[in-house]
Amino acid sequence: MNNSDLKNTAEDLIDTFLKAGKIAKEISHRGVKITIKTDKSPVTDGDLAVDKILRNEIKNVTPNIPIVSEETVDLNLKVKKEDKNFWLVDPIDGTREYINKKDEYTLNAALIIDFKPAIGLIYAPAKNRLFFSYGKNFAFEITNGKKLILNCKKINKNKVIGLENSGNTPIEV
């Protein structure tokens, strides 16, 4: 996939993330139903609803790329060791925070191409902040419907310096 394909794929999923986040918030407000997984971690009906929405649309947008999702790992056995390209999904990261109605949970997906991240989407519905990136050095934030370009410059192996949106003031991240 070239940068144009990556851009289109990432942008095609933004509305899906916003929709899934709205559903996650609605389920949280009415009260979640909790099940304990075999690894003893909780999963909610919100996790499963978001997982279904994200997986369905990702499959629609990229039908030939397998999906590995935390909540439906048993359904993902189609992914083979030799698959170099796949989607990695964590429908709700921070399930315990989600259960406790805190705002510190996110919806997440990454497209891995040749074992390297090519697209990333992270949405914090309770904070109405969506971050996405594609290709090399293309990163954005959408907050309350406003899209901001995120400029990051790596200065060495141990530090990353972010530039405020004005592009003038470096801040250590």
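The values are calculated or read from the model by the stated rules, or taken from the named source; none is laboratory data. Keep in mind it's a predicted model, so treat the numbers as computed, not measured. No Cβ is skipped: glycine too gets one built from the backbone with ideal geometry, and neighbour counts run over all protein chains shown. All accessible areas refer to the heavy atoms of the entire protein, side chains included, with ligands and DNA or RNA removed. Shrake-Rupley method; radii C 1.70, N 1.55, O 1.52, S 1.80 Å.
Structural remarks
- Normalised per residue, the accessible area of region 1-156 is 59 Å², obtained with a 1.4 Å probe and no contribution from ligands, DNA or RNA.
- Loop GluC sites (Glu not before Pro), region 34-137 (other Cβ atoms within 10 Å of the site Cβ: 11 or fewer; DSSP): 82
- Links that overshoot a 27 Å alpha carbon limit, given the list 101/146; 116/147; 37/136; 19/101; 40/147: 37/136; 40/147
- Note that region 56-62 has calculated 3J(HN,Hα) couplings of 4, 6, 4, 5, 5, 6, 10 Hz, one per residue in order, obtained from phi through the Karplus relation 6.51 cos²θ - 1.76 cosθ + 1.60 (θ = phi - 60°); glycine and proline are x.
- Coil-residue chymotrypsin sites (Phe, Trp or Tyr not before Pro) of region 102-150, DSSP, other Cβ within 10 Å capped at 14: 115
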